[in-house]
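To start, the structure under review is shown below, and the notes come after it.
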Amino acid sequence: MMIGKSRHAAGGRRPARGTMFFATLLGVALGGCGGSPIGNPSTVSNPVSASGQHLAFAYFQRCIFPIFLTQLQINLNGSTATNECAGSGCHNNSTGTGGAFRVIPSAQTVDVTNPANTAAVIQATDMYKNFYSAQGEVIINTPNDSLLLNKPLLRNVLHGGGLVFPSVQDPHAQLIEYWITHPAPQGADEFSTATYSMFTPADPNAGACNTN
């Protein structure tokens with residue numbers, strides 16, 4: 001899930017579906033992500049699709065961001081290791097070598113129901129930078145074309161980090177697919193309260209993450 005150059009910046013916003021160019025994600029070794037023996041092509045394109053919609057920030061921070069901090073079993077060329085996406089040598093914003101998909105592990109949760117946390121305030125946070133970076137790996141409403149899902153599934157694209165999710169039935173893959181296929185309504189931004197229906201009950205601070 002790599003991009004040729006970094007896209008996110010504090011307070012910035014980018015279209016969710018610009019063309020993304022992806023290079024090799026370094027493979028997982030027992031101590032982290034090491035050099036991959038897979039000869040990946042120099043660029044892999046994430047297809048363009050422009051609906052103008054945004055993915056849900058509240059669902060990302062409660063349901064997707066924790067996946068990046070989870071110790072996951074990785075399968076690389078028949079060898080297994082345990083690592084996390086935000087780990088050193090992988091997608092860690094400071095020490096990672098995993099291209100422009102970057103994660104700030106220390107990002108603090110933002111209370112999206114607090115009126116003081118306006119869109120401008122949230123966009124200046126580390127959590128939003130993580131959201132912004134992850135959204136760049138997605139074709140909204142099209143999980144089969146989204147590298148945030150295809151890379152860890154090794155689904156029709158090479159991934160130097162190996163197989164992270166054994167199948168689309170993996171609980172983490174299900175969360176990512178649900179996020180991709182449930183954007184904010186047309187014309188609404190990523191902070192729309194309409195996205196609170198993605199939780200049961202409809203509470204982004206306490207509700208369970210829906211997956212269907």
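Could you give the accessible area per residue of the stretch 129-212, probe 1.4 Å, as a whole number in Å²? Intermediate results must be reported in sequence, preceding the final value.
Numbers: 3170 Å² over 84 residues.
Heavy-atom SASA per residue in the stretch 129-212 reads 38 Å².
So what's the net charge close to Leu148: Lys and Arg +1, Asp and Glu -1, counting the other residues with Cβ under 11 Å from its Cβ? Provide the component values of the computation, followed by the final result.
Values: positive: Lys151; negative: Glu137, Asp145, Glu177.
Around Leu148, the surrounding residues sum to -2.
State the percentage of accessible surface on the stretch 89-212 attributable to carbon and sulfur atoms; use a 1.4 Å probe and exclude ligands, DNA and RNA. Spell out each step's value before the answer.
Working: 2570 of 4890 Å².
Reported share for carbon and sulfur atoms: 53 percent.
Between Asn117 and Asn141, what is the label-point separation in nm under the 7 Å Cα-to-beta-carbon projection?
So the two model labels end up 2.8 nm from each other.
Could you tell me which of rounded, prolate or oblate describes the stretch 102-212, using a ≥ b ≥ c as the square roots of the eigenvalues of the alpha-carbon gyration tensor, with rounded for a/c under 1.5 and, failing that, prolate when a/b is larger than b/c and oblate otherwise?
Details: a/c = 1.93, a/b = 1.55, b/c = 1.24.
Prolate, because a/c is 1.5 or more and a/b exceeds b/c.
Output wanted: per-residue J couplings in Hz (rounded whole) for the stretch 56-61, from phi through Karplus 6.51 cos²θ - 1.76 cosθ + 1.60, θ = phi - 60°, x for Gly and Pro.
Here the 3J(HN,Hα) series is 7, 5, 4, 5, 4, 5 Hz.
Hey, if we sort Ser146, Ser79 by accessible area with the 1.4 Å probe, largest down, what's the order? Kindly include the intermediate steps, with their values, before the conclusion.
Numbers: Ser146 0, Ser79 75 Å².
The residues order as Ser79, Ser146, largest area first.
The values are calculated or read from the model by the stated rules, or taken from the named source; none is laboratory data. Owing to the predicted nature of the structure, the values given are computational and were not obtained by experimental measurement. Backbone-built Cβ (ideal geometry, glycine too); neighbour counts: all protein chains shown. In case anyone asks, the SASA skips ligands and DNA or RNA and just uses the protein heavy atoms, side chains included. Shrake-Rupley method; radii C 1.70, N 1.55, O 1.52, S 1.80 Å.
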